[in-house]
Amino acid sequence: LESDQLVQTVKMLERMASQNAGDELYQDFKYWEDTSDKYKKNEGTLLPLWNFTLEKIKKHVTAISWNPRYSDLFAVSYGSYDFMKQSTGIVALFTLKNADYPESMAVTDAGAMCLDFHPSHPRLLSAGFYDGNVMVFDAKNRVKEGRGNEMKALYKSSIETGKHCDPVWQVCWQNDESCLEPNFFSISSEGKILNWVMSKNELKMEPFLQLKLVGNIQDEIQMSLNGLAGGCCFAFNNHCNQLFLVGTEEGKIHKCSKAYTGQYLQTYEGSNCMAIYALKWSPFHPRAFLSCSADWTVKLWDHTQSLPIMSFDMGTQVGDICWSTYASTVFAVATAQGKVHVFDLAQNKHRAICDQKVTKKSKLTHLSFNSKDPILLVGDDRGVVESFKLSPNLRKDYFESEILSTAEERNAAQVELMEKIIQGIEITKIGS
């Protein structure tokens, strides 16, 4: 009764039953298109599809990560951003092929605050927790004893092997071919970035970077008393493996290099005194990145400039930002008012082309674009992950008429499109 073949057969039957029961949604996912987009210039909509939930679980959705190989598979971490309401956490795997039940899950001792799939080894899933620990799960294997869908933990940090002293807010795998063993970074409120290396028998911790406070000369005494800056988030450049950004609780954005961690390469002047919630490099353009912070703004940056190129005031708390995977000029913003805002800078540089309220009472916490299909996942503070299909105006192909035979040519065209927008904004600033 516990054979792998039987488990796979039952899982296949469960998926078939789920897809038959929700046939209308699967038909919409494959074939429905909003024809009204033809008559609405520079406006689009989001079509609600499936909701992914865990029964009787009302925890915050703290992270969403798509699997790099299987485009229907994604992981969700559950915890709490309220430090007064801390309890256990959950790491769960879902698939678009079955919206009724998770593929597998793991209950953890502390709230799960972040996770990330390895880009080259899609079965490896790292996660960070509120108690400062990190874990690595095997998304393919299950625990032999206990529940049949419990995900297997390969490694877990401890006080003996080393851990963070404060909550871990983000983890990120390194896809560096020069490293013989898989490794990932983690950032915590204690002001440290640690490197975790998967050896044969244990998860080795290596100190990587201490986040030093920066400020005016008059503040040096105060900074020496306060110690380190609180780490909130980081982002590694997709085109230059050595380059990465760090956001702090003090509202600073620092540009750093893995080759030299003794000091920051640059501290951006346009950042503020309120916490930086997220930093995201453009998947296409090598210099562009986004930031969102506690001052309710989303900012577009060129990392070679000290001031932001553009700033968008969202008028409410921003939960997360995410670049699209299909166009260099499209990104989405999730807010505490339950709205998703989709921007396309090629269509409108000043306002979103989609402002849609997707939930009535919940605050949106995270969102993520699918790399293959026009799907956007949105998580909230009640443990619900909703999926939406983007209408045609939200995913315009600006190079449909051009003959671009290879992926390299299409990426180069996307970079050129974003570069024109950046240069146009800079010229407008100079003229004004």
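Before moving on, here are some points about what is shown:
- Every pair of residues 6+ apart whose Cβ atoms lie under 7 Å, when the first sits in the stretch 179-192 and is farther than 19 Å from ALA275 by Cβ while the second is open to solvent by less than 10 Å² (accessible area, probe 1.4 Å) and basic (Lys, Arg): none
- Hey, ASP295 of a type in the set (Asp, Glu) and assigned to a strand (DSSP E or B) or not: no
- Subset of the stretch 8-51 that is closer than 30 Å to PHE331 by Cβ and basic (Lys, Arg) - its residue that is surrounded by the most Cβ atoms within 10 Å (Cβ to Cβ): LYS40
- Looking only at the stretch 70-89, and only at residues there that are touching a Gly at 6+ places or on another chain (Cβ under 8 Å) and of a type outside the set (Gly, Ala, Ser), the one that is nearest to PRO167 (Cα to Cα): GLN86
- Residue count for the stretch 265-291 under the criterion of being open to solvent by 40 Å² or more (accessible area, probe 1.4 Å), over 12 Å from HIS303 (Cβ atoms) and part of a loop (DSSP other than H, G, I, E, B): the result is 4.
- Any chance TYR81 is of a type in the set (Phe, Trp, Tyr), modelled with pLDDT under 95, touching a strand residue (DSSP E or B) at 6+ places or on another chain (Cβ under 9 Å) and surrounded by fewer than 19 Cβ atoms within 10 Å (Cβ to Cβ): yes
- Neighbours by Cβ (under 6 Å, 6+ apart or cross-chain): first from the stretch 17-41, more than 19 Å from PRO374 (Cα to Cα); second open to solvent by 60 Å² or more (accessible area, probe 1.4 Å): SER18/ASP100
- ALA334 being open to solvent by less than 10 Å² (accessible area, probe 1.4 Å), out of contact with any helix residue (DSSP H, G or I) (no Cβ under 9 Å at 6 or more places or on another chain) and more than 16 Å from ALA235 (Cβ to Cβ): yes
- Check on TRP66, open to solvent by less than 60 Å² (accessible area, probe 1.4 Å), of a type in the set (Phe, Trp, Tyr) and farther than 22 Å from ALA336 by Cα: yes
- Summed over the stretch 233-242, the residues that are assigned to a strand (DSSP E or B) and either open to solvent by less than 20 Å² (accessible area, probe 1.4 Å) or on the phi > 0 side of the Ramachandran plot (or both) give a count of 3.
- Evaluation of GLU249 against the conditions (1) open to solvent by less than 60 Å² (accessible area, probe 1.4 Å); (2) charged (D, E, K, R); (3) more than 30 Å from ILE375 (Cα to Cα) shows that the sole unmet condition is (1).
- Residue among SER387, SER368 that is assigned to a strand (DSSP E or B), among the small types (Gly, Ala, Ser), more than 19 Å from LYS280 (Cα to Cα) and touching a residue at least 40 places away in the same chain (Cβ under 8 Å): SER387
Conditions (1) over 19 Å from GLN356 (Cα atoms); (2) touching a His at 6+ places or on another chain (Cβ under 7 Å); (3) at pLDDT 80 or above; (4) hydroxyl-bearing (Ser, Thr, Tyr), marked per residue:
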position: GLN8; (1), (2), (3), (4): yes, no, no, no
position: ASP23; (1), (2), (3), (4): yes, no, no, no
position: GLN27; (1), (2), (3), (4): yes, no, yes, no
position: THR35; (1), (2), (3), (4): no, no, yes, yes
position: TRP50; (1), (2), (3), (4): no, no, yes, no
position: LYS56; (1), (2), (3), (4): yes, no, yes, no
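The values are calculated or read from the model by the stated rules, or taken from the named source; none is laboratory data. Because the structure is a prediction, the values reported are computed rather than measured. As a convention, Cβ positions derive from the backbone with ideal geometry for all residues, glycine included, and neighbour counts pool all protein chains shown. These area figures cover heavy atoms from the full protein model, side chains too; ligands, DNA and RNA do not enter into them. Shrake-Rupley method; radii C 1.70, N 1.55, O 1.52, S 1.80 Å.
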